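This report refers to the structure that appears directly beneath it.
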Amino acid sequence: QVQLVESGGGLVQPGGSLRLSCASSGGFFGTYAMGWYRQAPGKQRELVAAITSDGGSNYGGSVKGRFTISRDNAKNTVHLQMNRLKPEDTAVYYCNLRLLLVKEEYWGQGPQVTVSS
């Protein structure tokens, strides 16, 4: 059983930085995509950033140039470095893992990120 354990998040002032991490356990193999989605109150969940097992990455349009996703293969962990945060980045951030071969998907519980002065 795959589990995702998230860390990071919290309250930060506009223009500040935060780092989210998501560690997967339980073991998996094959091609995958791992990353972050976010959901603000009253809005749909949206892609923030994702990275694939072959090293490719993609970002949501509103975070390009400010957020960077990276992975540590040895620890089965992905990190999301969030810089120049804006109030509109306030949301619950969910870690997501998609196992592409077996078509399974897992979600973390979601740390809150609040950008406010």
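The values are calculated or read from the model by the stated rules, or taken from the named source; none is laboratory data. The shown structure was predicted, so the numbers you read here are calculated from the model rather than taken from an experiment. Methodologically, a virtual Cβ is constructed for each residue, glycine included, from the backbone with ideal geometry; neighbour enumeration extends over all protein chains shown. Please note that ligands, DNA and RNA were not included when accessible areas were found on the heavy atoms of the full protein model with its side chains. Shrake-Rupley method; radii C 1.70, N 1.55, O 1.52, S 1.80 Å.
Which residues does a label at V102 reach in segment 7-33, if reach means a backbone N under 17 Å from a point 7 Å past the Cα toward the Cβ? What the label zone holds, given the 17 Å backbone N cut-off, is 24-33.
Spacing of the modelled spin labels on Q1 and D72, each 7 Å from Cα toward Cβ, amounts to 2.5 nm. The share of accessible area on the chain that comes from carbon and sulfur is 48 percent, using a 1.4 angstrom probe. Relative to the current alpha-carbon distance between T114 and Q39, full extension at 0.36 nm per residue lengthens the span by 25.8 nm. For the residues F67, F28, a 1.4 Å probe over the protein chains yields an accessible-area ranking, largest first, of F28, F67.
With a Förster radius of 41 Å applied to the beta-carbon distance between S53 and Q13, the computed FRET efficiency rounds to 0.70. Fully extending the segment from S62 to N83, taken as 0.36 nm per residue of separation minus the present Cα-Cα distance, adds 6.3 nm.
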